[in-house]
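Here the structure is laid out as structure tokens; the discussion comes afterwards.
The values are calculated or read from the model by the stated rules, or taken from the named source; none is laboratory data. Please read all numbers here as calculations on a predicted model, not as lab measurements. Backbone-built Cβ (ideal geometry, glycine too); neighbour counts: all protein chains shown.
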């Protein structure tokens with residue numbers, strides 16, 4: 001079972017590029033009155049530079065953090081600090097992923113987080129103040145939330161969603177860990193994580209270096225999906241990085257930048273060999289394999305015909321965006337793309353990783369739940 005180990009994170013470079021970056025103002029410190037009545041901070045403070053380049057004054061010791069539209073960040077905090085007790089509030093979408101994740105068993109404090117401050121998709125500052133956060137973490141593109149929470153006297157750290165300039169998929173998560181280490185002052189476990197990520201990518205690169213382009217599977221990431229809409233990921237999005245890093249060709253790379261809604265005619269034109277379905281949609285592989293989606297005929301697609309439709313796993317968080325399970329995502333994808341090259345048992349890889357990095361003895365049943373996540377994880 002879980003044993004809390006040495007607190008940790010890292011110190012690298014904090015950079016990311018995402019949609020809609022902006023010049024930011026320095027976060028103003030709360031007045032003496034408001035800090036006493038609303039936002040409790042310690043006497044000691046530090047200044048960190050967030051991913052909009054703003055200098056933000058934060059408490060030297062943080063015990064109450066709220067995370068907003070940067071949905072995976074709560075799990076980054078856990079990877080960095082080995083704790084979720086500081087996460088006192090999070091976006092409902094994040095909470096639903098947490099509730100359906102292994103993190104809920106490893107660090108059950110995560111389920112104590114309050115979600116009431118998000119109402120109708122927006123932050124209600126009055127409800128947020130009731131949670132009494134010392135720090136709020138928000139996606140860098142949500143200028144409205146950043147400004148109104150800052151004006152309320154709460155330090156806001158902006159985090160970018162993806163390092164689109166980097167060719168490798170770990171860059172985003174690594175940058176989040178870097179920033180978290182500056183906030184918390186922790187180092188050890190994140191250093192180990194970075195080393196593991198580099199090692200895994202190097203192993204993949206070595207085995208994939210001689211694979212000819214024509215021998216790489218053509219894959220598609222189905223990001224959001226229902227009977228009325230099909231949204232895929234393409235260039236400058238996580239899926240493109242994952243596929244490139246694991247020996248596949250992204251069929252949408254030349255047609256889609258970021259995410260885009262497409263129709264079945266476009267899917268037919270791409271005709272992918274493999275389809276990966278994220279955890280941001282309730283759609284399961286069998287919905288396509290059994291052609292159960294009204295108004296959409298998936299039976300003509302090669303991936304469906306050959307049974308190569310896979311739901312992306314969910315461990316301590318969804319594996320599609322940045323998470324502490326990123327080295328496992330690399331191994332899982334590489335094996336799906338090139339099963340003859342990567343003959344390890346992914347169940348054993350998960351078991352060893354969770355023991356080594358999270359000090360958690362994961363059961364076979366829990367591993368199965370990671371590899372076959374419920375549709376419930378996408379509901380919010």
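Taking the condition modelled with pLDDT of 95 or more and either in a helix (DSSP H, G or I) or surrounded by 20 or more Cβ atoms within 10 Å (Cβ to Cβ) (or both), does residue 84 pass?
yes
Kindly indicate whether residue 204 is on the phi < 0 side of the Ramachandran plot, modelled with pLDDT under 95 and assigned to a helix (DSSP H, G or I). Outline the logic, then answer.
Details: on the phi < 0 side of the Ramachandran plot: yes; modelled with pLDDT under 95: no; assigned to a helix (DSSP H, G or I): yes.
For residue 204, the condition - on the phi < 0 side of the Ramachandran plot, modelled with pLDDT under 95 and assigned to a helix (DSSP H, G or I) - is not met.
Determine whether residue 358 is in contact with a helix residue (DSSP H, G or I) (Cβ under 9 Å, 6 or more places away or on another chain), under 16 Å from residue 200 (Cβ atoms) and crowded, with 20+ Cβ neighbours inside 10 Å. Full working, then the answer.
Numbers: in contact with a helix residue (DSSP H, G or I) (Cβ under 9 Å, 6 or more places away or on another chain): yes; under 16 Å from residue 200 (Cβ atoms): no; crowded, with 20+ Cβ neighbours inside 10 Å: yes.
Judged against the criteria, residue 358 is not a match.
Take the conditions surrounded by fewer than 18 Cβ atoms within 10 Å (Cβ to Cβ) and not in a loop (DSSP other than H, G, I, E, B) and apply them to residue 128. Does it pass? Walk me through it before giving the result.
On the way: surrounded by fewer than 18 Cβ atoms within 10 Å (Cβ to Cβ): no; not in a loop (DSSP other than H, G, I, E, B): yes.
Against the criterion (surrounded by fewer than 18 Cβ atoms within 10 Å (Cβ to Cβ) and not in a loop (DSSP other than H, G, I, E, B)), residue 128 does not qualify.
Just to confirm my filter: which helices (runs of 4 or more DSSP H) fall fully inside region 251-367 and include at least 3 residues that are at pLDDT below 95?
Numbers: elements: 264-270, 285-289, 302-305, 326-337, 346-358.
Because the criterion is at least 3 residues that are at pLDDT below 95, the helices (runs of 4 or more DSSP H) in region 251-367 that meet it are 346-358.
As an exercise: evaluate residue 141 against (1) assigned to a loop (DSSP other than H, G, I, E, B); (2) within 17 Å of the chain's Cα centre (by Cα); (3) modelled with pLDDT of 95 or more and give the number of the one condition it does not meet.
Here residue 141 meets the rest and fails (3).
Given (1) within 22 Å of residue 272 (Cα to Cα); (2) surrounded by fewer than 24 Cβ atoms within 10 Å (Cβ to Cβ), identify the lone condition not met by residue 250.
(2)
Determine whether region 205-218 contains at least one residue that is in contact (Cβ under 8 Å) with a residue 60 or more places away in the chain, within 19 Å of residue 328 (Cα to Cα) and surrounded by 15 or more Cβ atoms within 10 Å (Cβ to Cβ).
Yes.
If we keep just the residues of region 306-336 that are in contact with a helix residue (DSSP H, G or I) (Cβ under 7 Å, 6 or more places away or on another chain) and without any contact (Cβ under 8 Å) to a residue 60 or more places away in the chain, which is farthest from residue 360 (Cα to Cα)?
307
Return the residues of region 55-71 that are in contact with a strand residue (DSSP E or B) (Cβ under 7 Å, 6 or more places away or on another chain) and either under 29 Å from residue 368 (Cα atoms) or outside any strand (DSSP E or B) (or both); say none if nothing qualifies. I'd like the intermediate steps shown before the answer.
So in region 55-71, the residues in contact with a strand residue (DSSP E or B) (Cβ under 7 Å, 6 or more places away or on another chain) come out as 55-60, 62, 64-70.
Correct list: 60, 62, 64, 67, 68, 69, 70.
Could you check residue 186 against (1) in contact with a helix residue (DSSP H, G or I) (Cβ under 7 Å, 6 or more places away or on another chain); (2) farther than 18 Å from residue 75 by Cβ; (3) not in a helix (DSSP H, G or I) and say which number it fails?
If we test residue 186 against (1) in contact with a helix residue (DSSP H, G or I) (Cβ under 7 Å, 6 or more places away or on another chain); (2) farther than 18 Å from residue 75 by Cβ; (3) not in a helix (DSSP H, G or I), just (2) comes out false.
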